[in-house]
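Reviewing the structure listed below.
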Amino acid sequence: MKIDDTTIAILRHLQRGRKSFKSIADDLGITENTVRNRVNKLKDEGILKITGVVDPEGLPGHTMVFIGVTVTSMELIRKAKELSELSGVVYTSVVTGRFDVIVQVFLKEGFGLLEFFTDEMSRVEGIQSVETFVVYKGFNMRVPYIL
């Protein structure tokens with residue numbers, strides 16, 4: 001799908017929160033049908049997923065953690081996918097630098113970092129080392145509530 005200025009403008013409206021296709025169309029000076037068709041095409045092609053997200057800091061007892069992971073093999077994509085399927089994982093990325101994979105994890109009371117490592121991460125073979133980064137204060141951080 002070609003991503004042009006109109007599609008970018010539609011995406012910018014959607015990132016601000018719930019809004020009708022008519023309202024977006026009126027603001028952009030295009031038809032409601034154009035907005036609907038473009039949004040549906042973005043969804044069909046897997047580019048856009050419309051979902052509710054939360055600010056982790058607004059939920060008492062919840063914590064966001066980033067984990068840098070080094071693996072023992074060069075199967076980086078397979079390991080990142082495997083890590084992405086663990087409970088609490090918001091996303092994983094194969095990266096450059098001193099880590100092979102960065103994992104973002106959403107935790108809550110009763111499912112903290114210790115539980116994540118012992119119950120979830122311990123199931124993944126081939127992890128050489130990890131380093132955790134607990135988020136004390138985040139900005140513009142919105143994540144799906146996955147717990």
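The table below lists the values:
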read-out	value
Members of the stretch 25-55 that are without any contact (Cβ under 8 Å) to a residue 12 or more places away in the chain and hydrophobic (A, V, I, L, M, F, W, C)	Ala25
Residue list for the stretch 30-89, restricted to those being among the small types (Gly, Ala, Ser) and either within 18 Å of His13 (Cα to Cα) or in contact with a helix residue (DSSP H, G or I) (Cβ under 9 Å, 6 or more places away or on another chain) (or both)	Gly52, Ser73, Ser87, Gly88
Test for Phe66: is it over 30 Å from Ser87 (Cβ atoms) and at pLDDT 90 or above	no
Selection status of Val130, surrounded by 12 or more Cβ atoms within 10 Å (Cβ to Cβ), touching an Asp or Glu at 6+ places or on another chain (Cβ under 7 Å) and farther than 13 Å from Leu147 by Cβ	no
Residue in the stretch 90-110 that is touching a His at 6+ places or on another chain (Cβ under 8 Å), surrounded by 12 or more Cβ atoms within 10 Å (Cβ to Cβ) and of a type in the set (D, E, K, R) present	yes
Qualifying positions in the stretch 8-19 - surrounded by 11 or more Cβ atoms within 10 Å (Cβ to Cβ) and within 16 Å of Asn37 (Cβ to Cβ)	Ala9, Ile10, Leu11, His13, Leu14
Identity of the residue in the stretch 1-35, in a loop (DSSP other than H, G, I, E, B) and among the small types (Gly, Ala, Ser), that ends up nearest to the chain's Cα centre (by Cα)	Gly17
Flag for Gly97 being at pLDDT 95 or above and not in a strand (DSSP E or B)	yes
Phe106 vs. criteria of a type in the set (Phe, Trp, Tyr) and more than 16 Å from the chain's Cα centre (by Cα)	no
Residue count, the stretch 36-63 (criterion: touching a strand residue (DSSP E or B) at 6+ places or on another chain (Cβ under 7 Å) and either in a loop (DSSP other than H, G, I, E, B) or modelled with pLDDT of 95 or more (or both))	3
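A quick yes/no check of all residues on (1) within 28 Å of Phe106 (Cα to Cα); (2) surrounded by 11 or more Cβ atoms within 10 Å (Cβ to Cβ):
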site	(1), (2)
Asp5	no, no
Asp26	no, yes
Thr31	no, yes
Lys49	yes, no
Val53	yes, yes
Gly58	yes, no
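To keep it simple, each residue is scored yes or no on (1) within 22 Å of Glu120 (Cβ to Cβ); (2) in contact (Cβ under 8 Å) with a residue 40 or more places away in the chain.
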site	(1), (2)
Ala9	no, no
His13	no, no
Ser23	no, no
Glu57	no, yes
Gly61	yes, yes
Glu75	yes, yes
Ser87	yes, yes
Val95	yes, no
Val105	yes, yes
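The values are calculated or read from the model by the stated rules, or taken from the named source; none is laboratory data. Nothing here was measured: the structure is a model prediction, and the numbers come from that model. Virtual Cβ from ideal backbone geometry, glycine too; neighbours counted across all protein chains shown.
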